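First the structure, in the form of C-alpha cells, and then the observations on it.
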Amino acid sequence: MKLSQTELFEHLKAITEKLGATYKEHSFRAATISVKSGLCLVHGELCFIMDKRKKTGEKNRILGKALVRMDLDTIHIPPAVREFIDGER
C-alpha cells in the first residue's frame, strides 16, 4: 500500500507518541541559538521537537531517522511505514 507524505507523517507522529514521546512543532526562526528538529529530553520527558516550517517529506525523514534508533518491537507498525523507517538506517 502506497501512503501519501501526509498519511506517512501522521503514522510516524503517532508512533512517536505511542513510544511515550511528546510531539511538538515550533517556529525556530526567532531562536537566538542554533536549534535543530529532533528527539530530546525536556525536564526528563522524551520530546520530539520539529521546525513547523519544514515540508512534510523532510519531517518524515527526520522522524524516520529518530525512530530507527528506538525499540519498535512493542507496537504495531503498518508494513509500508515500517519499510520507510527501515530505509532510514
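We did not get these values from a lab; they are worked out from the coordinates using the rules stated. Everything numeric in this text was worked out from a predicted model, so none of it was measured. Every residue, glycine as well, gets a Cβ built from its backbone with ideal geometry; the counts of neighbours run over all protein chains shown.
Table for the structure above
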| read-out | value |
| --- | --- |
| Antiparallel %, DSSP beta bridges [both residues in the chain], to 5 | 50 percent |
| Folded to 0 to 90 degrees: helix 56-67 orientation relative to the chain principal axis, Cα | 80 degrees |
| Order of Met50, Met70, Met1 under a 10 Å beta carbon neighbour criterion, fewest first | Met1, Met70, Met50 |
| Gained length - Glu17 relative to Ala80, 0.36 nm times residue gap less alpha-carbon distance | 20.8 nm |
| Residue order, fewest to most beta carbons within 10 Å, for His76, His26, His43 | His43, His76, His26 |
| Local electrostatic count at Arg69 - Lys and Arg +1, Asp and Glu -1, tallied over other residues with Cβ under 13 Å | -1 |
| Helix-derived mean residue ellipticity, 222 nm - over the chain, DSSP H n ≥ 4, -39500 (n - 2.57), to 500 | -12000 deg cm²/dmol |
| Mean separation of Cα contacts under 8 Å, 6 or more apart, over the residue count of the chain: relative contact order % | 32 percent |
| Candidates Thr22, Thr74, Thr56: whichever shows maximal mean-square fluctuation once the chain is modelled as a Gaussian network with Cα springs under 10 Å | Thr74 |
| Unsatisfied cross-links (Cα-Cα over 20 Å) in the set Lys2/Lys36; Lys24/Lys55; Lys2/Lys24; Lys18/Lys54; Lys2/Lys52; Lys36/Lys59 | Lys2/Lys36; Lys2/Lys24; Lys18/Lys54; Lys2/Lys52 |
| Inter-probe distance in nm under a simple model that places probes 7 Å from Cα toward Cβ, at His26 and Glu7 | 3.3 nm |
